[in-house]
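Values quoted throughout were computed directly from the atomic coordinates according to the rules given, and no laboratory measurement underlies them. A quick note: this is a predicted structure, and the numbers were derived from the prediction, not measured. Here the Cβ positions follow ideal geometry from the backbone for every residue, glycine too, while neighbour counts run over all protein chains shown.
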């Protein structure tokens, strides 16, 4: 198992600290640094900035929003970042959600699986430097009856294959990730629940004639080191409540549905009701400690070290650390401790 670090969204007032974290992770031998985007800063610019100031660590988009870019534009950006970084780019893709897709990008959130399949097809065509000609339900290139012609990407990526990861939550999307992706970007990943999550991924791999060998399972895992589990969990409550309660509408919230499938139906209902009523503190308090403990690494150093085995045994290839700590010194210390405990566990690859 390898380690990554997820910096989340840029522009929250700690940008200099996040750059420093990326540099420290690079020096410590972390495998990849991930940057996110929603409707603020874009991930591509952030990764270019980090890539210019690091030397070894991979640069991962977690994620580029499918409704926010044409597939050809995504291929251009991926090839450029891979070239500039000397072959360190990883392309994470996701459909986002209906509120962002339709409210921010003006793209209907319909048939997300088919849209994703076609999108990845075109990205792969372009990155392979083949003439891009495609006829699908959502994308047709070149447009018919016009002056357009099939074009070939002029940029040469460093690698023949840039790895593509899909952010997926629902069973059908997980199956698609297994079928067409090189890896899966997971959220609220609990090793105890992994078998039911990996079953559709395995089904997708089988569809493409592949096994799980070489497929990178990448959960983003909040980490808080401390002696008191309850106090550690308190750092993560707002994050959990935001996604379970506020990322989506009452009728369509993928994270809420995931918590329900994990056995936290009543808590998911309460969190959402409180969050949508703008009782954010109450929503955070409603997140069960067991849920946070299952989907995070919290507690004393040795407890976290011992917990790593469950992640590795469940199939995780890259564990991406999301650090929740008060000071910059504590955040750097957490990065260092995670590198140490992975080494002590004997699970590092």
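For the chain, what is the calculated [θ] at 222 nm in deg cm²/dmol (nearest 500), taking -39500 (n - 2.57) for each run of four or more DSSP H residues and dividing by its residue count?
-13500 deg cm²/dmol
With the cut-off at 19 Å, report for region 175-263 the share of all Cα pairs above it, as a whole percent.
It works out to 52 percent of all Cα pairs.
Helix 112-127: angle to the longest alpha-carbon principal axis of the chain, degrees 0 to 90, nearest 10?
Taking Cα atoms only, the helix is inclined about 60 degrees.
Let me see the pair-distance distribution of region 198-349: every alpha carbon pair, 5 Å bin width, integer percents in order.
In whole percents, the pair-distance histogram is 2, 9, 16, 18, 17, 16, 13, 7, 3, 0.
Where the centre of each part is set by its Cα atoms, how far does region 251-297 sit from region 158-176, in angstrom?
When both Cα centres are located, 26 Å separates them.
Per-residue counts of other Cβ atoms within 10 Å, averaged by peptide: what ranking do you get for 87-93, 272-278, highest first?
My ranking of the peptides, most packed first, is 87-93, 272-278.
Sort all Cα-Cα distances of region 237-295 into consecutive 10 angstrom bins from zero, then give the percent of pairs in each bin up to the one containing the longest distance.
28, 63, 9
Just report the Cα centroid separation between region 22-52 and region 96-119, whole Å.
Taking the Cα centre of each part, region 22-52 and region 96-119 sit 25 Å apart.
At a 10 angstrom cut-off on C-beta neighbours, averaged per residue, how do the peptides 69-80, 303-314 rank from highest to lowest?
69-80, 303-314
Taking only Cα atoms and a 10 Å spring cutoff, compute GNM fluctuations for the chain and point out the largest among 224, 281, 46.
281
If one takes the longest principal axis of the Cα atoms in the chain, at what angle in degrees, from 0 to 90 and to the nearest 10, does the Cα axis of helix 301-314 lie?
40
Convex hull over the alpha-carbon atoms of the chain: what's its volume per residue in Å³?
Normalising the Cα hull of the chain by residue number yields 132 Å³.
Name the residue, out of 183, 103, 29, whose mean-square fluctuation peaks in a Gaussian network model built on the chain with Cα pairs under 10 Å.
103
How tilted is helix 265-276 with respect to the longest principal axis of the chain? Cα atoms for both, answer in degrees (0 to 90, nearest 10).
80
For region 35-145, rounded, prolate or oblate, judged on the Cα gyration tensor with a ≥ b ≥ c (square roots of eigenvalues), a/c < 1.5 rounded, else prolate if a/b > b/c?
oblate
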